[in-house]
Protein chains: 2
Amino acid sequence: MFGDGELPLYEIKANLFKGLAHPYRIRVLEILSAQDEASVAQMIEITGLEASHLSQHLSVLRKYGLVVSERRASIVFYKLAYPQVADLLKVARQLLAQLVNHSSAQRAAVGALPQLPSQS
Amino acid sequence: MFGDGELPLYEIKANLFKGLAHPYRIRVLEILSAQDEASVAQMIEITGLEASHLSQHLSVLRKYGLVVSERRASIVFYKLAYPQVADLLKVARQLLAQLVNHSSAQRAAVGALPQLPSQS
DNA sequence: TTGCGATATGATGAATTTATCAAATCGTAA
DNA sequence: TTACGATTTGATAAATTCATCATATCGCAA
């Protein structure tokens, strides 16, 4: 999948995360986590992306080994290449919850601070 | 942490993965997963990076909320911002194992194919 | 073969990231 | 205050990614 397989493991791992480092690609992977497979048309409808835009993102996901595709007649179906991709998304959700929670707590704390004197 | 908190959640999630999308940054986070905290000097020694190079990467990790830093005198210590970061790395390792395993199996299968006639 | 729906690929400019070096800043001892 | 070790920040060029549009390709029915 990466030609002669000479790519360092850290590079391959970084590539996995690169695949995940775009909002639409996360959405695609989440759709594929929620159902066994999805056609490109389905994903276009769900994400609202234009066909060629989605296809470019799907190409990245294929390139980094996160999804696999299968053409049946004129319809192409995608699925997660490994179930661990869904696990990754799951943990990311938990991390995001922590982060957003913490961020909200920080903003509340700032809001409770005394007002600074104006500079004008 | 993201100013007025107006960034869409998918953007924030993508940012998390962006933080992870570089080999040296993965290494740093793995070091911080393996021990409670590490000083910059320690990480310089382990990674072999130059100080300013490492600092730029640490800045990205801080920016995306993956690590927190604390200065004690002239030494700065870093730790994971949340334990879920370590979980993420753990699942990524499992995914990588699958991927590498599959990749090896694919290469073995190709190796077993009959040799194509030469084109010269 | 032609035409068409579905999808992928190519191309390109803008935006962002990466790599690297120079300079600034921080904390502290003298 | 000066000097120094430790670390961060600024700057910049090269590389890569992102966004978008045009074009090509695939599979199949007629």
Determine whether B:R93 is without any contact (Cβ under 8 Å) to a residue 60 or more places away in the chain, of a type in the set (K, R), touching a Ser or Thr at 6+ places or on another chain (Cβ under 8 Å) and under 25 Å from A:L96 (Cβ atoms). no
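Yes/no matrix, rows are residues, columns are (1) touching a Lys or Arg at 6+ places or on another chain (Cβ under 8 Å); (2) surrounded by 15 or more Cβ atoms within 10 Å (Cβ to Cβ); (3) among the small types (G, A, S):
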{"site": "A:L20", "(1), (2), (3)": "no, yes, no"}
{"site": "A:R27", "(1), (2), (3)": "no, yes, no"}
{"site": "A:V40", "(1), (2), (3)": "no, yes, no"}
{"site": "A:S59", "(1), (2), (3)": "no, no, yes"}
{"site": "A:R71", "(1), (2), (3)": "no, no, no"}
{"site": "A:L80", "(1), (2), (3)": "no, yes, no"}
{"site": "A:L88", "(1), (2), (3)": "no, yes, no"}
Can you tell me how many residues in the range A:70-93 are within 15 Å of DNA strand D (Cβ to nearest atom) and in a loop (DSSP other than H, G, I, E, B)? 2
Just to check your reading of the model, which residue among A:S59, A:S74, A:S52, A:S39 is within 29 Å of B:K90 (Cβ to Cβ) and within 7 Å of DNA strand C (Cβ to nearest atom)? A:S59
Taking the condition within 14 Å of DNA strand C (Cβ to nearest atom), more than 8 Å from chain A (Cβ to nearest Cβ) and surrounded by 14 or more Cβ atoms within 10 Å (Cβ to Cβ), does B:I44 pass? yes
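FYI, it's all coordinate maths here, none of it is from the lab. These figures come from a predicted structure and were not determined experimentally. Because the Cβ atoms are built from the backbone with ideal geometry, glycine has one as well, and the counts that use them run over all protein chains shown.
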